[in-house]
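*Asks:* Okay, handing you the structure first.
The numbers here are math on the coordinates, done by the rules we state, and not lab data. Bear in mind that the values here come from a model prediction, so they are computed numbers and not experimental data. Because the Cβ atoms are built from the backbone with ideal geometry, glycine has one as well, and the counts that use them run over all protein chains shown.
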Amino acid sequence: MGAKIISGTETAKAIREELKLEIDELRAKHNVVPGLVTILVGDDPASQSYVAAKNKTAHALGIHSEQVTLPAGTSEEELLELVGKFNDDPKIHGILIQLPLPRHINEAKVLYAIDPDKDVDGFHPVNVGKMMLGEQCFLPCTPHGVLELLMRAGVETSGAEVVVIGRSNIVGKPVANLMLQKRPGGNATVTLCHTRTKDMDFHTKRADILIVAAGVANMIKGDQVKEGVVVIDVGVNRIGTTESGKAKLAGDVEFDSVRDKAAAITPVPGGVGPMTITMLMKNTVQSARQHAGLV
Ligand code: GUN
């Protein structure tokens, strides 16, 4: 039995087509052009490629996009000053600071300095708090992408046993929270597993929906899941380079063995990754609307 492949590439493309129409209409009817700035500190190759992909997608959709690349030695003070400048810039509706930041910079301090109304990553405590309360806010991009993938693939989450592996602030904690909210795409019974979980297999084997965001290549294997599970693999692990010199990627899930038992599964690459970027665009458009008083 072959699992259905949930394609993030296809789903993201469909959402981007919807967004493009919305952006064209915003420009034509309201003279509003959504604006995004991405800020990268240092020269980490993975971060460079993520930021480049975000800017490329923004351009393709007609979003005004600025990219700031700063040397690894940039001080916290300089970065805070830059954030302040973009907080006050009316052309910019979304500010994204690529993580991780160099160790000498206090990540929380910088993220908290972003105007919550421009926090299209959804990392500011105001947005995190609103998300927990089920209020309208910017949802963090990867968890939001997971939710959209499940909903558009027609996966029933209400009453489902959802098991999340990984408790990061960027994925594990927020995705667990979104899945239990009382609204479409939520209403699940959620278990959050992490490095101190005593019997991981006990949990993975009873999952109806398994969301893996542990950052460990091929960690979940076919004998750890039940027949008919829906698997969302958030892992992006660089496990070498291809012959053409590109990064070779593996998910947190051993695709071949898990696919044999799953009802549906996301691939890596081409699963959650394209959704994350698309949700950033969606949040930027939402922010532009809010700033223009159009919501
Ligand atoms: N680094 C890894 N994932 C993310 C993300 O979703 N947003 C930002 N800003 N940095 C990241």
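*Asks:* Can you list the residues, at least 5 places off or on another chain, whose amide H is less than 5 Å from the amide H of ILE220, using H built in the peptide plane?
*Replies:* VAL253, GLU254
*Asks:* For the range 182-191, just list the computed ³J(HN,Hα) in residue order, Karplus coefficients 6.51, -1.76 and 1.60, θ = phi - 60°, integers in Hz, with x standing in for Gly and Pro.
*Replies:* Computed from phi, the couplings for the range 182-191 are 7, 6, x, x, x, 6, 8, 8, 10, 10 Hz.
*Asks:* Now a separate question. Figure the gain on full extension for LYS4 and GLU156 (residue separation times 0.36 nm, minus the Cα-Cα span) and round it to one decimal in nm.
*Replies:* 53.2 nm
*Asks:* In a Gaussian network model over the chain where Cα atoms closer than 10 Å are linked, find which of VAL68, VAL234, VAL171 has the largest mean-square fluctuation.
*Replies:* Taking springs between Cα atoms under 10 Å, the residue moving most is VAL68.
*Asks:* Here are some pairs, LYS198/LYS282; LYS56/LYS173; LYS54/LYS130; LYS13/LYS109; LYS29/LYS173; which of them have Cα atoms lying more than 32 Å apart in this structure?
*Replies:* With Cα atoms farther than 32 Å apart: LYS198/LYS282; LYS13/LYS109; LYS29/LYS173.
*Asks:* OK, next. Can you bin the range 57-198 into rounded, prolate or oblate? Criterion: square roots of the alpha carbon gyration tensor eigenvalues sorted a ≥ b ≥ c, rounded for a/c under 1.5, prolate for a/b above b/c, oblate for the rest.
*Replies:* Prolate is the answer for the range 57-198, as a/c is 1.5 or above and a/b outweighs b/c.
*Asks:* So, one more: Check the straight Cα-Cα distances from LYS261 and name the aspartates and glutamates below 20 Å, setting aside those fewer than 8 residues away within the same chain.
*Replies:* LYS261 reaches GLU156, GLU161, ASP201, ASP208, ASP223, GLU227, ASP233, ASP252.
*Asks:* Using amide H atoms built 1.01 Å from N in the peptide plane, name the residues 5+ places from ILE165, or on other chains, whose amide H lies under 5 Å from its own.
*Replies:* Residues meeting the amide H criterion: CYS193, ILE211, VAL212, ALA213.
*Asks:* Would you pull out the residues with amide H under 5 Å of ASP89's amide H, same chain only if 5 or more places away, H placed 1.01 Å from N?
*Replies:* Here nothing satisfies the definition.
*Asks:* If you don't mind, there's one more thing I want to ask. For the range 140-219 and the range 60-77, write down the distance between their C-alpha centroids in whole Å.
*Replies:* The range 140-219 and the range 60-77 have Cα centres spaced 31 Å from each other.
*Asks:* Residue-wise, which Karplus ³J(HN,Hα) couplings in Hz belong to the range 281-293, taking 6.51 cos²θ - 1.76 cosθ + 1.60, θ = phi - 60°, and x for glycine or proline?
*Replies:* Here the 3J(HN,Hα) series is 5, 4, 5, 5, 5, 4, 5, 4, 4, 4, 5, 8, x Hz.
*Asks:* Quick one: grab the alpha carbon gyration tensor of the range 166-231, order the square roots of its eigenvalues as a ≥ b ≥ c, and give me rounded if a/c is under 1.5, else prolate or oblate depending on whether a/b is larger than b/c.
*Replies:* Oblate shape, in that a/c is at least 1.5 and b/c is the bigger or equal ratio.
*Asks:* Would you kindly derive the ³J(HN,Hα) couplings of the range 210-216 from the backbone phi angles with the Karplus curve 6.51 cos²θ - 1.76 cosθ + 1.60 (θ = phi - 60°), listing them in order in whole Hz, with x for Gly and Pro?
*Replies:* Once θ is set to phi - 60°, the couplings for the range 210-216 become 10, 10, 10, 9, 9, x, 10 Hz.
*Asks:* Within straight cross-link reach of LYS246, meaning Cα distance under 19 Å, which aspartates and glutamates are found once same-chain residues fewer than 8 apart are removed?
*Replies:* Here the aspartates and glutamates satisfying the reach criterion relative to LYS246 are ASP43, ASP44.
*Asks:* Here is a follow-up. Just from its helices, what would the mean residue ellipticity at 222 nm be for the chain, if runs of 4 or more DSSP H residues each count -39500 (n - 2.57) and the sum is divided by every residue, rounded to the nearest 500 deg cm²/dmol?
*Replies:* -12500 deg cm²/dmol
*Asks:* Provide the net charge surrounding VAL212, with neighbours chosen by a C-beta distance below 13 Å and charges set as Lys +1, Arg +1, Asp -1, Glu -1.
*Replies:* Here the count lands on -1.
*Asks:* Something else now. Considering only GLY245, GLY94, GLY73, give the residue with the highest GNM mean-square fluctuation for the chain, with springs between Cα atoms whenever their separation is below 10 Å.
*Replies:* Between GLY245, GLY94, GLY73, it is GLY245 that shows the largest mean-square fluctuation.
*Asks:* Run through the DSSP bridge list for the chain and note the antiparallel percent, rounded to the nearest 5.
*Replies:* 10 percent
*Asks:* Please state the Cα pair-distance histogram of the chain with 5 angstrom bins from zero: what percent is in each bin?
*Replies:* Taking every Cα pair in the chain, the percentages come to 1, 5, 12, 16, 18, 16, 14, 10, 6, 2, 0, 0.
*Asks:* What angle, in degrees between 0 and 90 and rounded to the nearest 10, separates the Cα long axis of helix 76-87 from the longest principal axis of the Cα atoms of the chain?
*Replies:* Tilt of helix 76-87: around 80 degrees.
*Asks:* Which of rounded, prolate, oblate describes the range 242-295, given a ≥ b ≥ c as roots of the alpha-carbon gyration tensor eigenvalues and a/c under 1.5 marking rounded, otherwise prolate only if a/b is larger than b/c?
*Replies:* oblate
*Asks:* For VAL190, what is the net charge nearby, where nearby means another residue's Cβ is under 13 Å from its Cβ and Lys, Arg count +1, Asp, Glu -1?
*Replies:* For residues surrounding VAL190, the net value is +2.
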